[in-house]
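These notes concern the structure reproduced below.
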């Protein structure tokens, strides 16, 4: 086919090629920096930093396939499409939801019943850009982590809310341990990455603004 690509559009008329990325095809159209797919590749993964090429608000994520012949046979297949924004507001429903943040400072609203907040990648919520979970019910919700929590402790409050003071109260954090700490009326959770002690670059920290019940190791599941 002439064009196999992916992009964003306001009304599905495809009249703005600068908002599309061509992955394959004989015709030059759209952004061509990722035009390197051949049929011998099979499934191929692409990570496209869209903001390096254009920004704006769009209504549609659009897949493009163009084959201008009498009996077109071009076929494009896409799977596991994910769109990431630096800082997200992620809202669940009234049912059982799985909420996954990205590596920005996200706000997660479970809203429903048995919600799962995924933190298998701890660096998605570090101290310098921690996520905020607005409604965690310890009686039914859970954190999905890569390793089971070895222990859960409440370590009190730092003297000030900065890296040095928080690191001081977390210095005895054991491998894969989880702790809760507070600052004023605010509640935070820290998850160790497997190396004892606290490392602001590898251990997760998130604020839980709406905590119901009492957290235990049972709330952190693999």
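Below is a table of values for the structure above.
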{"quantity": "Hits in segment 166-182 - residues which are without any contact (Cβ under 8 Å) to a residue 40 or more places away in the chain and either crowded, with 17+ Cβ neighbours inside 10 Å or not assigned by TED's automatic domain parsing to the domain that holds residue 209 (or both)", "calculated": "166, 167, 169, 170, 173, 176, 177, 179, 180, 181"}
{"quantity": "Considering residues of segment 74-99 that are surrounded by 15 or more Cβ atoms within 10 Å (Cβ to Cβ) and modelled with pLDDT of 90 or more only, the residue farthest from residue 127 (Cα to Cα)", "calculated": "76"}
{"quantity": "Output for segment 54-73, where each listed residue is surrounded by 15 or more Cβ atoms within 10 Å (Cβ to Cβ) and either more than 11 Å from residue 19 (Cβ to Cβ) or at pLDDT below 90 (or both)", "calculated": "58, 65, 66, 67"}
{"quantity": "Filtered residue count, segment 138-173, keeping only those that are in a loop (DSSP other than H, G, I, E, B), touching a strand residue (DSSP E or B) at 6+ places or on another chain (Cβ under 8 Å) and closer than 27 Å to residue 98 by Cβ", "calculated": "8"}
{"quantity": "Which listed residue is closer than 26 Å to residue 10 by Cα and surrounded by 14 or more Cβ atoms within 10 Å (Cβ to Cβ), from 51, 112, 104", "calculated": "104"}
{"quantity": "Condition check for residue 159: more than 16 Å from the chain's Cα centre (by Cα), within 18 Å of residue 199 (Cα to Cα) and surrounded by fewer than 13 Cβ atoms within 10 Å (Cβ to Cβ)", "calculated": "no"}
{"quantity": "Matching entry among 7, 56, 51, 1 (being under 22 Å from residue 68 (Cα atoms) and either free of Cβ contacts under 8 Å to residues at least 12 places away in the same chain or part of a loop (DSSP other than H, G, I, E, B) (or both))", "calculated": "1"}
{"quantity": "Residue match in segment 23-41 (condition: closer than 30 Å to residue 99 by Cβ, free of Cβ contacts under 8 Å to residues at least 40 places away in the same chain and in a loop (DSSP other than H, G, I, E, B))", "calculated": "yes"}
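The values are calculated or read from the model by the stated rules, or taken from the named source; none is laboratory data. Keep in mind the model is a prediction, meaning the values are calculated, not measured. Reconstructed Cβ throughout: ideal geometry from the backbone, glycine too, with neighbour counts over all protein chains shown.
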